[in-house]
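**Student:** Pasting a structure below so you can have a look.
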Ligand code: GPW
């Protein structure tokens, strides 16, 4: 139990909060009020450790990581915080005594969903691991007024509902107005001569006030509490009606509006760059505020800004925070009067960049016009970085225009953020071994040849505290019962389970737990979707953002194909299967939204067809998010990881399924490769083209799907059902676009860009193997237990230790707390 936790104090605190905040006695409190009261009581316990942690960091003058990210997909905090202060049994007892159920109270918390998918959730897992390992770190991001939209399914279509997560206030955040800072946009740069030197002053700009809100990031059982700092925007001069002339009034209105719009909403695009001006404003807004603050904090304790990098490291979560490079340069040049070379030496030793995708549509490229208009001084600096870098290219590769074309930071009227991030930092990493190899050999080959020492791999990981200990308490308890609790902070230790994989009693226990978790999910599905599913069927799950490269389409086409077989032969011998989907599509991504409609239309037909005797069910889980993900992973038998090889940089859902004992049905893509390496190919279902094959075809301009269409009757039949009204009797043309995307070479992009038809036969074969394998319960239980046992590599604790050793060079800090402060 946490040293700072006392049961009686906690109980009093809950009762007091209900009274003081809601003027109610405890028995009158609504579940939402109970949540608030409990959350504040937990925060009360955390606060002392939070303060103590930062005192300790100051005392030790520890080097600090700033994890700069546009997204932090945190998920609910209450349950996780209770677990991490190690007070779960006591909190349960207190709530019991007060007549509350912890699960019901947890369900009242909105999911802080300040992220889209894997990239944002990775940032959240990293914060958990950093705190648990005791490393000084801040997450820096944006306090979006509206996070990831809530998804409603109406008549099979996705509807986006604003996520008003702050409407009741968020109990864990603390406003830190004392750290507010100004961020400037637009205007022009005036050159002045002073002391025989050029100085640059931005004038005629608009500014906003950045105000930080801090959230505690609680380490597991170690008294360490780190900080997620998210920035809100406020107008600089609150709008006043007395002292203004006409010009000031106009300006005041504009500044008020600018402030309101900047942090209004999270862009719902995953792996896709939209080029919106407001997005660049968001980027500069939180980066300028974070970098300014980091510099100020450093200067409070140190004299020499030249040594900034010794105490500070900035990790750029993809290219989204890359303006940190020129922003740090600006501060060093304009505010500290460093020379260019001095400033550049500091900057390039401070910044490091993580790449999360090779897909060209995700590359951030800003038109010069936009960039220079919004960030005039920053643009000047980027121009100078580019000028010097191009000179360096010319020196290394005299006369080689091609190298400049590929590597220049400013080229063809655009600012290329990836190039800036690579040049402006000391480290470039990919997020899985295969991904990093592809970066070095293909996408970033020229950079790799020029500066190989910067390149390194950091295979992603996930936190077992949230995705096993919190999300799957039954399995967590079982694991602890078998091998003790060390796995909670040392996941590789979970390999000790392997000796139980062959034990019939353990197999039975494991399958019972899986069954209970399936019952829990079935109940959730019944409550939220009104669909009955049989927990004895195979739960075959694909949950992740909807994207063509992730190939949800291949999955649903295979469901249709199976259904056809059942229609042809109602006695077909197959294990009943529940195909579960969960996915949000970016609001403007038409084909992705149509795929959701297709899944729901197929579900309607199949789920209502009595003739197949419930052998197939299709469920689309509405509003897939971190909180229901925890329930879904725990209940899965089969983990669908079926991206076109080379396209999924890593994947992290794949690891969460494995940790919960699901078997991977996947391609040799991203971290799947390493998952199979750990658990053995015999305990997974691997199919499809390799990344080399995919890249080979791409370099030849694609392949011809018509051959498959013409020669494979079953595939042809499925495709015809897309355009003959089989799943859309009212509108047979509804799914034409999907049909066209697979076959039509007339359309501007290649047909079947993601090799769905090409991989289909091997996918269907792998699915057949799943069916056969599940019949052998002993085999399945063994394979599932081995998946859990071999998941040790995929803890984010391991990933963080690698970042620390190779890139960040942080030191662990210990925090001691006196009992009952
Ligand atoms: F395009 N990822 C994501 F690279 O979730 F920026 N959103 C994104 O916008 C991008 C990447 C970006 C994901 C990758 O798709 C996934 O493979 C990876 O596991 C995850 O980032 C974390 O590295």
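**Student:** Counting pairs of alpha carbon atoms under 8 Å apart in space and at least six apart in sequence, what relative contact order in percent does segment 464-794 give?
**Tutor:** Reported relative contact order: 23 percent.
**Student:** For residue 700 paired with residue 161, estimate the spin-label separation in nm (one decimal), with each label point 7 Å from Cα along the Cα-to-Cβ line.
**Tutor:** 5.0
**Student:** Separate question: How would you order 155-165, 618-628 from highest to lowest mean count of nearby Cβ atoms within 10 Å?
**Tutor:** Numbers: 155-165: 15.6, 618-628: 21.7.
Ranking the peptides 155-165, 618-628 by packing returns 618-628, 155-165.
**Student:** Grab the DSSP H runs of the chain that are 4 residues or longer, score each as -39,500 (n - 2.57), total them, divide by all residues and round the 222 nm result to the nearest 500 deg cm²/dmol. If you can, show how the numbers build up before the last one.
**Tutor:** Working: 31 runs with 376 residues, N = 821.
About -14500 deg cm²/dmol.
**Student:** In what sequence, highest mean first, do 477-484, 421-428 appear when ranked by Cβ atoms within 10 angstrom?
**Tutor:** Highest-to-lowest ranking by the protection proxy: 421-428, 477-484.
**Student:** Let me ask something else about it. For residue 397 and residue 22, what does the FRET efficiency come to when R0 = 60 Å and r is the distance between their Cβ atoms, rounded to the nearest 0.05?
**Tutor:** Result of the calculation: an efficiency of 0.30.
**Student:** Moving on. What do you get for Rg/Rh over segment 687-727 if you use C-alpha atoms and the Kirkwood form of Rh?
**Tutor:** So for segment 687-727, dividing Rg by the Kirkwood Rh gives 1.13.
**Student:** Over the chain, what is the mean sequence separation of C-alpha contacts under 8 Å (at least six apart), divided by residue count, expressed as relative contact order in percent?
**Tutor:** 15
**Student:** Post the alpha-carbon centroid distance, segment 717-778 to segment 100-124, in whole angstrom.
**Tutor:** 34
**Student:** Along Cα→Cβ, 7 Å out, is where each label goes; now give me the distance between the ones at residue 814 and residue 388 in nm to one decimal.
**Tutor:** Computed distance between label sites residue 814 and residue 388 equals 4.3 nm.
**Student:** Calculate, in whole percent, how much of the Cα-Cα pair population of segment 1-128 lies beyond 16 Å.
**Tutor:** On the way: 5446 of 8128 pairs.
Pairs farther apart than 16 Å: 67 percent.
**Student:** For segment 645-701 and segment 359-384, compute the distance between their C-alpha centroids and round to whole Å.
**Tutor:** Between the Cα centre of segment 645-701 and that of segment 359-384, the gap is 35 Å.
**Student:** Go ahead and collect, in residue order, the members of segment 281-310 whose backbone nitrogen is under 13 Å from a label point 7 Å along the Cα-Cβ direction of residue 349.
**Tutor:** Hits in segment 281-310 for residue 349 at 13 Å: 304-310.
**Student:** Calculate, in nm to one decimal, what residue 720 and residue 736 gain on full extension: separation in residues at 0.36 nm each, minus their alpha carbon distance.
**Tutor:** Gain on stretching residue 720 to residue 736: 4.8 nm.
**Student:** Can you give the extra length, in nm with one decimal, that the chain gains between residue 778 and residue 707 once fully stretched, where that is 0.36 nm per residue apart less the Cα-Cα distance? Could the numbers behind the result be given before it?
**Tutor:** Values: separation 71, 0.36 × 71 = 25.56 nm, distance 4.11 nm.
Working it through step by step, the gained length comes to 21.4 nm.
**Student:** Give, to the nearest whole percent, the P(r) tail of segment 464-794 beyond 30 angstrom, counting all Cα pairs.
**Tutor:** More than 30 Å apart: 33 percent of the Cα pairs in segment 464-794.
**Student:** Another question about this same structure. Which value in nm describes the separation of the simple spin-label points at residue 237 and residue 177, placed 7 Å from the Cα toward the beta carbon?
**Tutor:** Each label point is offset 7 Å from its Cα along the Cβ direction, giving 1.9 nm.
**Student:** Taking every DSSP beta bridge that has both residues in the chain, what percent is antiparallel when rounded to the nearest 5?
**Tutor:** If I count the DSSP bridges inside the chain, around 45 percent turn out antiparallel.
**Student:** For residue 363 and residue 154, calculate 0.36 nm times their separation in residues minus their Cα-Cα distance, and state this gained length in nm to one decimal.
**Tutor:** Details: separation 209, 0.36 × 209 = 75.24 nm, distance 3.32 nm.
Taking residue 363 through residue 154 to full extension adds about 71.9 nm, to one decimal.
**Student:** Fewest to most neighbouring Cβ within 10 Å: what's the order for 290, 360?
**Tutor:** 360, 290
Each reported figure results from applying straightforward, stated rules to the coordinates on display, with no laboratory input. Since the structure is predicted, the reported quantities are computational estimates derived from the model, not experimental observations. Note that each Cβ is placed from the backbone with ideal geometry, even for glycine, and that neighbours are counted across all protein chains shown.
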